[in-house]
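Single-structure report; data block below.
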Amino acid sequence: MLSDNLFKKIIDRQIPADIVYEDDRCLAFRDINPQAPVHVLIIPRKVIATHSDIATGDRDLLGHLHLVAAQLARQLGIDDGYRIVINCKEPAGQTVPHLHMHLLGGRSLTWPPG
């Protein structure tokens, strides 16, 4: 996993991103290496390194991320079927040390994914 938190730099506007949603708790932007016609990353503004690092106090934030994912699915026209993925740590494919959800849609998605 990268030690550099690229997502924090996006939040701080130090590097550009194609932002599709933003509020006081999270940010969503298009993935630079999309795996589907619609591939958006949804990240909390709060830095949480991995899914393993979530705490009870993050409950409302995590629920908010899911509500934003559903809203974006409707907004982006993929609410007829989409996938939400959270990779936890490097063996599972997490490359940035900042919790994030992948929202994927716009094509048939097979299982298992990898």
Next on the checklist: Can you give me the % of accessible surface on the chain that is carbon or sulfur? Probe 1.4 Å, all protein chains present, nothing else counted.
Outcome noted: 52 percent
Checklist entry - With a sphere of radius 15 Å drawn around the Cβ of LEU72, what net charge do the other residues whose Cβ falls strictly inside it have (Lys, Arg +1; Asp, Glu -1)? => result -2
Checklist entry - How large is ³J(HN,Hα), in whole Hz, for each residue of the stretch 29-43 in order, when computed from phi with the Karplus curve 6.51 cos²θ - 1.76 cosθ + 1.60 and θ = phi - 60°, using x for Gly and Pro? => result 8, 6, 5, 6, 10, x, 9, 7, x, 10, 9, 10, 9, 10, 10
Checklist entry - Hey, what do the phi angles of the stretch 94-100 turn into as Karplus ³J(HN,Hα) couplings, whole Hz, using 6.51/-1.76/1.60 and θ = phi - 60°, x for Gly and Pro? => result 6, 10, 10, x, 7, 3, 7
Item to check | Additional length obtainable on full extension of the chain from ARG30 to THR95, 0.36 nm per residue less Cα span | outcome: 21.8 nm
Checklist entry - What is the extension gain from SER108 to ARG74, computed as 0.36 nm multiplied by their sequence separation minus the C-alpha to C-alpha distance, in nm to one decimal? => result 10.6 nm
Next on the checklist: As a test question: what accessible area, to the nearest 10 Å², does ILE54 have when a 1.4 Å probe is rolled over all protein chains in place?
Outcome noted: 60 Å²
Checklist outcome for this item: Karplus-derived 3J(HN,Hα) from phi for the stretch 5-12 (6.51 cos²θ - 1.76 cosθ + 1.60, θ = phi - 60°), whole Hz, x at Gly and Pro, runs 8, 5, 5, 4, 5, 5, 4, 7
Checklist entry - Only one of the listed values, [x] 20, 16, 15; [y] 30, 20, 10; [z] 22, 16, 13, was derived from the coordinates as semi-axes √(5λ) of the Cα gyration tensor in Å; which label is it? => result [x]
Item to check | Under 5 Å, built H, 5+ apart or other chain: amide partners of CYS26 | outcome: ARG45
Checklist outcome for this item: The answer for the net charge of residues other than ALA17 whose Cβ lies under 14 angstrom from its Cβ, with Lys and Arg +1 and Asp and Glu -1, is +1
Checklist outcome for this item: the chain, Gaussian network, Cα under 10 Å: of ARG25, ARG83, ARG59, the residue fluctuating most is ARG59
Checklist entry - Roughly what would the spin-label model give for ALA55 and ILE84, points 7 Å off Cα along C-beta, in nm? => result 2.3 nm
Item to check | Accessible area per residue in Å² at 1.4 Å probe, computed on the stretch 1-107 | outcome: 54 Å²
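The values are calculated or read from the model by the stated rules, or taken from the named source; none is laboratory data. None of the values given here were measured: they were computed from a predicted structure. Please note: Cβ atoms are built from the backbone with ideal geometry, for glycine as well, and neighbour counts cover all protein chains shown. We work out accessible area using only protein heavy atoms, side chains counted, and drop any ligands, DNA or RNA first. Shrake-Rupley method; radii C 1.70, N 1.55, O 1.52, S 1.80 Å.
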